[in-house]
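Right, one structure below, let's go through it.
The values are calculated or read from the model by the stated rules, or taken from the named source; none is laboratory data. These figures come from a predicted structure and were not determined experimentally. With ideal geometry, Cβ positions are generated from the backbone for all residues, glycine too; neighbour counts draw on all protein chains shown.
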Amino acid sequence: MQYSDLSHWAARAGKWAAGYYSGLRDRPVRSKLDPGEFLRQIPLAAPEEPEPMERLFADFETMIPDAMTHWQHPRFFAYFPANAAPASILAEQLISSLACNCMLWQTSPAGTELEIRMLEWFREAVALPPGFSGLIHDSATTSTLCAVLTMRERALQWQGLAEGLSGSPRLRIYASEENHSSIDKAARLSGIGQSNLVKIATDESLAMHPAALRKAIEEDLAAGLTPAGVVVCVGGTANGAFDKVRETIEMAKEFDLYCHADAAWAGSAMLCPEFRWLWDGIENADSIVINPNKWAGVQMDCSIQFLAEPDQQASTVGMRPEYLKTHGKGGMVDFNELTIPLGRRFRALKLWFVFRAYGLAGLREMFRNHVKWIRAAELKLGAEPDIEIVTSSPLALFSFRLAPAGGDADRLTELLLQRINDDGRIYLTPSAHRGRNAIRMTAGTFSCTEEDVMSACQVIREMASSLTGAVKPSPASR
Ligand SMILES: *Cc1c(COP(=O)(O)O)cnc(C)c1O
């Protein structure tokens, strides 16, 4: 295939994409394949000679979609959807056409300058104060690793980078037990160590106990350890938990700790003023991660990190070998100095397209709808005699379990999830809360409608009664 063939094949791909989206509802959400089934269809080695594009494209059409789990399916209620608005899909096509590396200002001026402005748009849209600037990473895992590395170096007065950690004091970082595993990963990779990530218990509202946090910090200080930072949970992955952001950060600051807020999922919803109470006090954080690639219609990859003092992170992860000393005209930032990889994709273009194609009003309407419909689904399912709501988040997430009188709820819940996902009309994920099995439901795909959410309740009800019918001899009540 040559560049001159692009227009033909890009048009074919665009046509395919439109057909794919219009037919998504008819597909099972989760792939029906067994492990290895797809692998067996792929030859063991690369072809020696070029193959015609026609054949390649035909193989794509017949082999790939059926072997996928459809993340943009309107009835994908699992994990956190990685939603992709059509304008983002188009932007991603254009990014792939430019195929550029935005590592320095000089290597793609629009890449850097659009990123600067998009960060300002986003900051303004979620009402963070002007002191915050930031950048776009590939993932929240990278954003959080950068923040934890900065915590480490700040606590070591930037000695760890040159000297290594072997002779340094034992650092401690703190996070609620509701935090995402990327915090554990950052503790491990940063050399701080899993055992020095102190998990603080949460209360009934799933928030970390500020008093328990204080106690842990004071005990560590008394034991001669060195507290370095706190990761604040702003919308946990398992249960949508929120720490008491203001109280937690204020306390951490008493001990001069660096505060990183993980708002990977919930942060996008802060476009809506009515949700902002959930992160009241966020302006005191040092670092905040928000993934527009989860909920804001900007497809993977696009993870925003806001920083109160970017210099601290640049001093930690920035490198300036001779060949990179090409500082942008007018002192433009070279964004690679704030992140781990050198090469950077042109991710800002997706934000630009999504903001402009839907407007803040369009995005707010999407968040509000998802939250409203999921709240309604929770009420509806909670009213079922055999279904128990296990956790509830103020945003678009809850978990439930099947707990009929006299039944083994853990086992039945597991079976229910299996039946639901094998059925294929909807897709949900397992969770566990305080030792009890649960099923987690969230909404977030761009094409999801109220009807999709309500039909999910119907599927759950249907599958649940097929199971409870076996538990109880009396005829199913529905
Ligand atoms: C999904 C998620 C992450 C990890 O995001 P990646 O971008 O996949 O690394 C971290 N924190 C929270 C709260 C999440 O929901």
Mind checking which pairs have a first residue in the stretch 33-51 that is within 23 Å of M1 (Cβ to Cβ) and a second that is part of a loop (DSSP other than H, G, I, E, B), Cβ under 9 Å, 6 or more apart or different chains? P50/M1
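Might you let me know whether the stretch 329-340 holds any residue that is within 16 Å of the ligand (Cβ to nearest atom), touching a helix residue (DSSP H, G or I) at 6+ places or on another chain (Cβ under 9 Å), in a loop (DSSP other than H, G, I, E, B) and of a type in the set (V, I, T)? Write out each step before concluding.
Filtering the stretch 329-340 down to residues within 16 Å of the ligand (Cβ to nearest atom) leaves 339-340.
Going one step further and asking which of them are touching a helix residue (DSSP H, G or I) at 6+ places or on another chain (Cβ under 9 Å), we end up with 339-340.
Next cut, in a loop (DSSP other than H, G, I, E, B) only: 339-340.
The next check asks that each one be of a type in the set (V, I, T); those that pass are 339-340.
Checking the stretch 329-340: at least one residue is within 16 Å of the ligand (Cβ to nearest atom), touching a helix residue (DSSP H, G or I) at 6+ places or on another chain (Cβ under 9 Å), in a loop (DSSP other than H, G, I, E, B) and of a type in the set (V, I, T).
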Kindly check whether there is at least one residue in the stretch 252-259 that is more than 16 Å from the ligand (Cβ to nearest atom), touching a residue at least 40 places away in the same chain (Cβ under 8 Å) and closer than 30 Å to Y358 by Cα. no
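Condition test on T445, is it in contact with a Pro (Cβ under 6 Å, 6 or more places away or on another chain) and not hydrophobic (A, V, I, L, M, F, W, C)?
Numbers: in contact with a Pro (Cβ under 6 Å, 6 or more places away or on another chain): yes; not hydrophobic (A, V, I, L, M, F, W, C): yes.
Yes.
For every residue, the table says whether it meets (1) surrounded by 15 or more Cβ atoms within 10 Å (Cβ to Cβ); (2) part of a helix (DSSP H, G or I); (3) within 16 Å of the ligand (Cβ to nearest atom).
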{"residue": "G167", "(1), (2), (3)": "no, no, no"}
{"residue": "A175", "(1), (2), (3)": "yes, no, yes"}
{"residue": "I183", "(1), (2), (3)": "yes, yes, yes"}
{"residue": "S205", "(1), (2), (3)": "no, no, no"}
{"residue": "L213", "(1), (2), (3)": "yes, yes, no"}
{"residue": "D220", "(1), (2), (3)": "yes, yes, no"}
{"residue": "V230", "(1), (2), (3)": "yes, no, yes"}
{"residue": "I249", "(1), (2), (3)": "yes, yes, no"}
Of residues in the stretch 340-362 being in contact with a Ser or Thr (Cβ under 8 Å, 6 or more places away or on another chain) and of a type in the set (A, V, I, L, M), the one farthest from A396 (Cα to Cα): I340
Which numbered condition A238 fails, given (1) more than 11 Å from the ligand (Cβ to nearest atom); (2) surrounded by fewer than 24 Cβ atoms within 10 Å (Cβ to Cβ); (3) not in a helix (DSSP H, G or I): (1)
Which numbered condition in (1) modelled with pLDDT under 95; (2) surrounded by 20 or more Cβ atoms within 10 Å (Cβ to Cβ); (3) more than 24 Å from D243 (Cβ to Cβ); (4) touching a Gly at 6+ places or on another chain (Cβ under 6 Å) is the only one that S393 fails? (3)
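Could you list all residues from the stretch 123-148 that are away from the ligand (no atom under 16 Å from the Cβ) and assigned to a helix (DSSP H, G or I)? Outline the logic, then answer.
Taking the stretch 123-148 first, the residues away from the ligand (no atom under 16 Å from the Cβ) are 123-125, 127-133.
Hits for the stretch 123-148 are R123, E124, A125.
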Just one listed residue, out of A78, A17, A87, is in contact with a helix residue (DSSP H, G or I) (Cβ under 9 Å, 6 or more places away or on another chain), surrounded by 13 or more Cβ atoms within 10 Å (Cβ to Cβ), assigned to a loop (DSSP other than H, G, I, E, B) and at pLDDT 95 or above, and it is A78
For E384, indicate whether it is under 21 Å from G240 (Cα atoms) and either buried (at least 22 other Cβ atoms within 10 Å of the Cβ) or of a type in the set (D, E, K, R) (or both). no
So M118 ticks every box in (1) surrounded by fewer than 22 Cβ atoms within 10 Å (Cβ to Cβ); (2) among the hydrophobic types (A, V, I, L, M, F, W, C); (3) under 20 Å from the mean Cα position of the chain (by Cα) but one. Which box is left unticked? (1)
Residue list for the stretch 193-239, restricted to those being in contact with a Ser or Thr (Cβ under 6 Å, 6 or more places away or on another chain) and closer than 16 Å to I183 by Cβ: I200, T202, M208, V232, C233, A238, N239
Of these, V354, V390, V317, which one is in contact with a strand residue (DSSP E or B) (Cβ under 9 Å, 6 or more places away or on another chain) and β-branched (V, I, T)? V390
Report, ordered by the first and then the second residue, all pairs with beta carbons closer than 7 Å, sequence separation of six or more or different chains, a first member in the stretch 140-157 that is under 10 Å from T316 (Cα atoms), and a second member that is surrounded by fewer than 23 Cβ atoms within 10 Å (Cβ to Cβ) and hydrophobic (A, V, I, L, M, F, W, C). C146/V317; C146/I340; L149/V317; E153/L161
Mind counting the residues in the stretch 42-68 that are closer than 23 Å to R25 by Cα and assigned to a loop (DSSP other than H, G, I, E, B)? 2
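Does S431 satisfy the condition of being more than 23 Å from E274 (Cβ to Cβ), of a type outside the set (D, E), under 19 Å from the mean Cα position of the chain (by Cα) and in a loop (DSSP other than H, G, I, E, B)? Even if it seems obvious, please write down each step before you answer.
On the way: more than 23 Å from E274 (Cβ to Cβ): yes; of a type outside the set (D, E): yes; under 19 Å from the mean Cα position of the chain (by Cα): yes; in a loop (DSSP other than H, G, I, E, B): no.
The answer is no for S431.
Answer with yes or no whether S108 is surrounded by fewer than 13 Cβ atoms within 10 Å (Cβ to Cβ) and either closer than 30 Å to S268 by Cα or touching a residue at least 24 places away in the same chain (Cβ under 8 Å) (or both). Talk me through it step by step, then tell me what you get.
Details: surrounded by fewer than 13 Cβ atoms within 10 Å (Cβ to Cβ): no; either closer than 30 Å to S268 by Cα or touching a residue at least 24 places away in the same chain (Cβ under 8 Å) (or both): yes.
No.
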Which of the residues belonging to the stretch 279-324 are among the aliphatic types (A, V, I, L, M) and within 11 Å of the ligand (Cβ to nearest atom)? V289, I290, M300, I304
Pairs with Cβ under 7 Å, 6+ apart, first in the stretch 173-190 and farther than 16 Å from N291 by Cβ, second more than 11 Å from the ligand (Cβ to nearest atom) and part of a loop (DSSP other than H, G, I, E, B): I173/I192; S176/D243; E177/A201; E178/L206; A187/G193
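Please find, among V298, V371, V333, the residue that is more than 23 Å from C146 (Cα to Cα) and either in contact (Cβ under 8 Å) with a residue 60 or more places away in the chain or surrounded by 22 or more Cβ atoms within 10 Å (Cβ to Cβ) (or both). Please lay out each step first, then the result.
Details: V298 fails: more than 23 Å from C146 (Cα to Cα); V333 fails: more than 23 Å from C146 (Cα to Cα).
Just one listed residue meets the conditions, V371.
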